[in-house]
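So the structure is just underneath, and the comments pick up after that.
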Amino acid sequence: MRNEPQSDWPGGGYGDSRQPHAQERRRLDDDLIGLDRNDPEVRAFSEHLDRAHRLRSGFTVEGYLSGVSDFAESVNRAEGPRRLAAVLVIVLILLGVAVTLWQAATFVLTALLG
């Protein structure tokens, strides 16, 4: 008996139109055969598989924004020292942006009022 992709799958997005190839959708859905589809751990696993097999365009604004979105989602899922390290990276990035904006603003003001 062949298990067909189920469109009513509540987690992970398997079987939806975002996956470009039907064969890939079937392969990903076959990874979940025999698992309880209402189990929260199975849903988390399916979401992990969906993220691992997601195709995104590179070198585009949309690709970069989806990468930032993936990073933000992974920080929200992280716990303990991993979460602390991710928050530290974010704070350092924001500090770099703030310093750059401050230097640009002082340069413009000194050039205009100088």
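The values are calculated or read from the model by the stated rules, or taken from the named source; none is laboratory data. Since we're looking at a predicted model, the values are computed, not measured. Every residue, glycine among them, receives a Cβ derived from its backbone with ideal geometry; neighbour counts consider all protein chains shown. All accessible areas refer to the heavy atoms of the entire protein, side chains included, with ligands and DNA or RNA removed. Shrake-Rupley method; radii C 1.70, N 1.55, O 1.52, S 1.80 Å.
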For this session: Please verify whether region 78-96 includes one or more residues that are assigned to a loop (DSSP other than H, G, I, E, B), modelled with pLDDT of 85 or more and open to solvent by 80 Å² or more (accessible area, probe 1.4 Å).
Result: yes
Exercise. Do we have any residue at all in region 50-62 that's in contact (Cβ under 8 Å) with a residue 12 or more places away in the chain and either assigned to a helix (DSSP H, G or I) or hydroxyl-bearing (Ser, Thr, Tyr) (or both)?
Worked result: yes
Exercise. With respect to the numbered conditions (1) surrounded by 13 or more Cβ atoms within 10 Å (Cβ to Cβ); (2) modelled with pLDDT of 80 or more, which one is the sole condition not fulfilled by residue 60?
Worked result: (1)
Exercise. With 105, 111 as the choices, which residue is of a type in the set (A, V, I, L, M, F, W, C) and open to solvent by less than 60 Å² (accessible area, probe 1.4 Å)?
Worked result: 105
Exercise. Looking at (1) of a type in the set (Phe, Trp, Tyr); (2) modelled with pLDDT under 80; (3) open to solvent by 50 Å² or more (accessible area, probe 1.4 Å), can you tell me which one residue 14 breaks?
Worked result: (3)
Exercise. Yes or no: residue 45 within 28 Å of residue 89 (Cβ to Cβ), among the hydrophobic types (A, V, I, L, M, F, W, C), surrounded by 13 or more Cβ atoms within 10 Å (Cβ to Cβ) and at pLDDT 70 or above?
Worked result: yes
